[in-house]
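K.L.:
Take a look at this one; I'll ask things after.
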Number of protein chains: 2
Amino acid sequence: MTAVPAAQPRVAFTDEMKAEFKALLGDRFTTAAAVREHHGKDESYHPNFPPDGVAFAASTEEVSAIVKLCAKHKLPIIPFGTGTSLEGGVAALAGGVCIDVSNMKEVLRVSPEDLDVTVQAGVTRKQLNEHLRDTGLFFPIDPGADASLGGMASTRASGTNAVRYGTMRENVLGLTVVLADGRIIKTGGRARKSAAGYDLTRLFVGAEGTLGIITEVTLRLYGIPEAISAAVCPFNDIRGAVDTVIQTIQSGIPVARIELLDEVQMDAVNKYSKLDYKVAPTLFFEFHGTAAGVKEQAEMVAAIAAEFGGSEFTWATRPEDRSKLWQARHDGYYAALALRPGSKGWPTDVCVPISRLADCILETKKDIAESSMLAPLVGHVGDGNFHLVYVIDPDKPEELAEAKRLNDRMVDRALAMGGTCTGEHGIGYGKMEFLEKEAGDAFAVMGELKRAFDPENRMNPGKVVRV
Amino acid sequence: MTAVPAAQPRVAFTDEMKAEFKALLGDRFTTAAAVREHHGKDESYHPNFPPDGVAFAASTEEVSAIVKLCAKHKLPIIPFGTGTSLEGGVAALAGGVCIDVSNMKEVLRVSPEDLDVTVQAGVTRKQLNEHLRDTGLFFPIDPGADASLGGMASTRASGTNAVRYGTMRENVLGLTVVLADGRIIKTGGRARKSAAGYDLTRLFVGAEGTLGIITEVTLRLYGIPEAISAAVCPFNDIRGAVDTVIQTIQSGIPVARIELLDEVQMDAVNKYSKLDYKVAPTLFFEFHGTAAGVKEQAEMVAAIAAEFGGSEFTWATRPEDRSKLWQARHDGYYAALALRPGSKGWPTDVCVPISRLADCILETKKDIAESSMLAPLVGHVGDGNFHLVYVIDPDKPEELAEAKRLNDRMVDRALAMGGTCTGEHGIGYGKMEFLEKEAGDAFAVMGELKRAFDPENRMNPGKVVRV
């Protein structure tokens, strides 16, 4: 079973405290059990740790007021967007107040001429792209869930387009952040580059709410390409698929998306999304550019795929066919869980230097084949990043133990290959021991940084770092 | 005159201390006046603040030993690469020991299959590209000087290729850093993306040695494109040139380089590099891609330029012609100074959202036209970034005062337009007051961060932040 952190010292949440939060927020503060339960849990198998109360904030100033009230009473603070994190990031391990920003849904400014936008933290990626519909622009970062952009910034999210457009690290230009003492600061700005002082923006991106709460995000946008085409290509074996990816990346072909689904995941996708793809290791591609550029990229990749045992490409040229294809890919997690009704998922990911990707995937699949575990594999393989979902019954300790054993081996393997313990899911508390292993002496420095920003350890305590 | 920071409290450097450094380093520690003078000065007009001694380190472990000795004696520490910074970054404002890493020139590892490399901090960008010559790979970041990669990481350098390949922020994968107490940590790693913990890498990138000393750098590399072509295009007026840039960027054309030189700078370049370009506002372009892709990009940009009063493109297709063209561009600073023999340069840069670039440049040039100042303008305009060099006699207070007045107005203008006080030169001590203005309440947070990493304020003190 994964290590649940040792019980944290807990401040009793009193009726007097509740009255103060009610005075500030009225009905937007609640201690109702159902709401608290909903906020103590993410999308994974991690157990539920409900907060003492949930505050639905409407603005940066209100987040600041809530944070100050929490500071007064020494209460922990857990930020909450859509609750779609995967490593226990929203668990209220020591109780306290959950600040839910999902009502902060305003797109504050769009500047098509500068290809940037500022949104409140609760705006989701799909809402943003809907809002941009008439501008000819889009925001490319797409984790599986329709997550909030504040949450995506906090967890340094990425997705299928990262191989071309980067992750939240590369696409957040600036932030508004509320610090542990309630101060409001703005970091970064709208210039495309800056050598002005410490990069506070990238310090809060990926800090998972442990250094401050992100309330507004300024993001880069991109023009919708003149031409887009997508294709699916099954392979004889997984090595052929991965070698196609490696060769494509090494050749510098600017693919927009290059996603691997193994035969187990393809079977799941077929069943869940009512499709009839061949049940074989498969690459999903997308090409962006001018009409001529897209054609050229596709021909180059098709030639590489043919060398490594790929079949003909099946093209999805109409927008609705492409949407269907990528929706099926995004639903991969839910499709995996549907293979075993009533199960929960233990999703995990690692990322390795591209030259080690085939070895890392093949050794990992061998481990799974030798176990009794159902564990479909998908990957943003252009980045060297892949995911497994251990499909388990979390009430069965032997299944948790087996998932943990396989996961430990996979992460250790990735670290030994020069990789990272998580490409995009984050640390939460589920991967803290791996972060310690990966970061070495820098892990202690992260703890010192945490203490500087949050001396009382009240900002999402028990996550990312040990203090 | 620019504000020189108030005298810092100074620890007397004793003969006993000198003996200890000599015992550690032998001849590689010196207090010779000429060497100290050389290390107290960068490439700009800033006055000379020599350190008490200069230590030529050979390894990370040796940097750590020097730092520990400095800690023992409470001595300030100033890191030094090639001394080509522009905002007083190497000035020993409170004396202390300069750690020169220019002997740390080993390329530690090249992995062509993963498109990455690890170098010691003293390796320069030209040395690295020379080393990569037979691999088909290159490292694109190119500030004017042949700077060290440790220094480039420390100052978050960029250059002419940033519009396509990003800056040091996007291209440093990991670092080895020596902290104020001598601890050695490794940050980041070789995976292309990671959601594992705080982004310490990007915290040290751009910190200008105030949080720690970078001793090794892991960098992304790129395949040399199949096709490269470069062109020069003069314009009737500067607005036409800048509008061409804006339209190119807004159209999403992936130009590799798009550089503006105003008529004053073109005159300087012609004289310095013995060329005969038309003396007019001019754009220098470079296109990277497949043969067809490069042709397509060039045609699209040529069509835009024609709309805005651009002449025919003059193409440089042979590698030696392209080298000549870009060397002339890189020598822009020295060309500007050569316009007035015996002068010094006050180089400065700002960066604004692309839609404001024409206004910012035109208002700035109007200011200069109304003054008596010689101040050529060049710009990495694809990023919204441009540079001026005030060509002055720093012994004439009235010239310094006039440069300061113009500079204040330009930076304030850029900030009012949503820009930054420096796109790539950094803060040093020359732009600290502007950083304070730009960062607002976040400036104090930078100071708190500094105190957490360097409680005794000994790491490059007096730079970037106030403590």
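Quick note: the coordinates plus some simple rules give every number you see, no bench work behind them. These numbers come from a predicted model, not from an experiment. Cβ placement follows ideal geometry from the backbone for every residue including glycine, while neighbour counts extend to all protein chains displayed.
K.L.:
Starting from the Cα gyration tensor of chain A, multiply each eigenvalue by 5, take the square root, and state the resulting semi-axes largest first in whole Å.
P.N.:
Calculated on Cα positions only, the semi-axes equal 37, 26, 20 Å.
K.L.:
Taking square-rooted eigenvalues a ≥ b ≥ c of the alpha carbon gyration tensor, is the range B:64-134 rounded, prolate or oblate, where a/c under 1.5 means rounded and, failing that, a/b exceeding b/c means prolate?
P.N.:
Prolate, since a/c reaches 1.5 and a/b exceeds b/c.
K.L.:
If you don't mind, there's one more thing I want to ask. Going by amide H atoms built from the backbone, whose H comes under 5 Å of the H on A:Ala58, apart from near neighbours?
P.N.:
When sequence neighbours closer than 5 places are left aside, the close amide H contacts are A:Val63.
K.L.:
Of the options B:Val465, B:Leu283, B:Leu357, report the single residue whose Cα projects farthest towards the positive end of the charge dipole of the protein assembly as shown (beta-carbon charges: Lys, Arg +1; Asp, Glu -1).
P.N.:
Of the candidates, B:Val465 comes out farthest on the positive side.
K.L.:
Once each part is reduced to its C-alpha centroid, what is the distance from the range A:136-164 to the range B:125-147 in angstrom?
P.N.:
With the range A:136-164 and the range B:125-147 each reduced to a Cα centre, they are spaced 33 Å.
K.L.:
Shifting gears a bit: For A:Ser148, what residues show an amide H to amide H distance below 5 Å, using hydrogens built from the backbone and excluding near sequence neighbours?
P.N.:
Those qualifying (amide H under 5 Å, at least 5 residues apart or on another chain) are A:Thr82.
K.L.:
Using R₀ = 56 Å, calculate the FRET efficiency as 1/(1 + (r/R₀)^6) where r is the Cβ-Cβ separation of A:Lys295 and B:Lys22; round to 0.05.
P.N.:
Efficiency, rounded to the nearest 0.05: 0.25.
K.L.:
Okay, helix-only estimate at 222 nm for chain B: each DSSP H run of n ≥ 4 adds -39500 (n - 2.57), divide by all residues, round to 500 deg cm²/dmol; what do you get?
P.N.:
For chain B, the value works out to -10500 deg cm²/dmol.
K.L.:
Using amide H atoms built 1.01 Å from N in the peptide plane, name the residues 5+ places from A:Gly289, or on other chains, whose amide H lies under 5 Å from its own.
P.N.:
For A:Gly289, the qualifying residues are A:Glu226, A:Ala227.
K.L.:
What does the charge add up to near A:Pro353, with Lys and Arg as +1, Asp and Glu as -1, over the other residues with Cβ less than 9 Å from its Cβ?
P.N.:
Spelling it out: positives minus negatives among the neighbours equals 0.
K.L.:
Mind checking the mean number of beta-carbon atoms from other chains within 10 Å of the Cβ atoms in A:182-189?
P.N.:
Neighbouring Cβ atoms belonging to other protein chains average 5 per residue here.
K.L.:
If contacts are Cα pairs under 8 angstrom and at least 6 residues apart, what is the relative contact order of the range B:226-424 in percent?
P.N.:
This gives 26 percent for the range B:226-424.
K.L.:
Suppose we take every Cα in the range A:15-103 and form the convex hull; what volume per residue is that in Å³?
P.N.:
Looking at the range A:15-103, the number lands at 85 Å³ per residue.
K.L.:
Then there is this: What lysines sit close enough to A:Lys68 to cross-link, taking a C-alpha to C-alpha distance under 24 Å and skipping anything fewer than 8 places away on the same chain?
P.N.:
A:Lys18, A:Lys22, A:Lys105, A:Lys186, A:Lys450, A:Lys463
K.L.:
Could you order peptides A:72-78, A:154-160, B:427-433, B:179-185 by the average number of other Cβ atoms within 10 Å of their residues, highest first?
P.N.:
A:154-160, B:427-433, A:72-78, B:179-185
K.L.:
With a Cα-only, solvent-free Debye model of the protein assembly as shown, what are the log10 I(q)/I(0) values at q = 0.05 Å⁻¹?
P.N.:
For the protein assembly as shown at q = 0.05 Å⁻¹, log10 I(q)/I(0) is -0.28.
K.L.:
Restricting to Cα pairs below 8 Å that are 6+ residues apart, what does the relative contact order work out to for the range B:349-402? Please round to a whole percent.
P.N.:
36
K.L.:
Under the rule a/c < 1.5 gives rounded, and otherwise a/b versus b/c splits prolate from oblate, where does the range A:227-333 land using the Cα gyration tensor?
P.N.:
oblate
K.L.:
Sticking with this one: With a ≥ b ≥ c the root eigenvalues of the C-alpha gyration tensor of the range B:278-319, is it rounded (a/c under 1.5), prolate (a/b larger than b/c) or oblate?
P.N.:
oblate
K.L.:
Partner chain Cβ atoms within 10 Å, averaged over the residues of A:425-433 - can you pull that number for me?
P.N.:
2
K.L.:
Using only Cα atoms, tell me the angle between helix A:319-330 and the longest principal axis of chain A; keep it within 0 to 90° and round to the nearest 10.
P.N.:
Here the helix axis deviates by roughly 60 degrees.
K.L.:
Would you list, by chain and number, the lysines whose Cα falls below 30 Å from the Cα of B:Lys271, excluding same-chain residues fewer than 8 positions away?
P.N.:
Reachable lysines: B:Lys41, B:Lys126, B:Lys324, B:Lys344, B:Lys365, B:Lys366, B:Lys396, B:Lys404.
K.L.:
Name the residue farthest towards the positive end of the dipole of the range A:345-433 from the options A:Leu415, A:Ala403, A:Leu374, assuming +1 on Cβ of Lys and Arg, -1 on Cβ of Asp and Glu, about the Cα centre.
P.N.:
Selected residue: A:Leu415.
K.L.:
Going by average Cβ neighbours within 10 Å, how do the peptides A:354-364, A:316-326, A:92-102 rank, with the highest at the top?
P.N.:
Those peptides, ordered most packed to least, come out A:92-102, A:354-364, A:316-326.
K.L.:
Could you work out how far helix A:397-416 tilts from the main Cα principal axis of chain A, as a 0 to 90 degree angle to the nearest 10?
P.N.:
Its long axis makes an angle of about 70 degrees.
K.L.:
Now for a different question. What percent does the relative contact order of chain B come to when contacts are Cα pairs within less than 8 Å and at least six residues apart?
P.N.:
Relative contact order comes out at 16 percent.
K.L.:
Whole-Hz ³J(HN,Hα) for each residue in the range A:87-97, computed from phi via Karplus 6.51 cos²θ - 1.76 cosθ + 1.60 with θ = phi - 60°, x for glycine and proline: what do you get?
P.N.:
Result, ordered by residue: 10, x, x, 9, 4, 8, 4, 10, x, x, 10 Hz.
K.L.:
What is the spin-label model distance, in nm, from A:Glu320 to B:Glu61 if the labels are put 7 Å beyond Cα along the C-beta direction?
P.N.:
The modelled label-to-label distance comes out at 6.8 nm.
K.L.:
Further question on the same structure: Ignore the peptide's own chain and count Cβ atoms of other chains within 10 Å of each Cβ in A:438-449; give me the average, rounded.
P.N.:
6
K.L.:
Using the alpha-carbon centroid of each, what span in Å lies between the range A:398-432 and the range B:179-223?
P.N.:
Each part's Cα centre sits 23 Å from the other's.
K.L.:
Using the Cβ atoms and a cut-off under 9 Å, what net charge is assigned to the surroundings of A:Gln120, where Lys and Arg are +1 and Asp and Glu are -1?
P.N.:
Net charge around A:Gln120: -1.
K.L.:
Which of B:Val163, B:Ile185, B:Val107 sits farthest toward the positive end of the charge dipole of the range B:107-223, with +1 on the Cβ of Lys and Arg and -1 on the Cβ of Asp and Glu?
P.N.:
Value computed over the given set: B:Val163.
K.L.:
If you place +1 on the Cβ of every Lys and Arg and -1 on the Cβ of every Asp and Glu, how big does the dipole about the Cα centre of chain A come out, in debye to the nearest 20?
P.N.:
With only Lys, Arg, Asp and Glu charged at Cβ, the dipole is about 860 debye.
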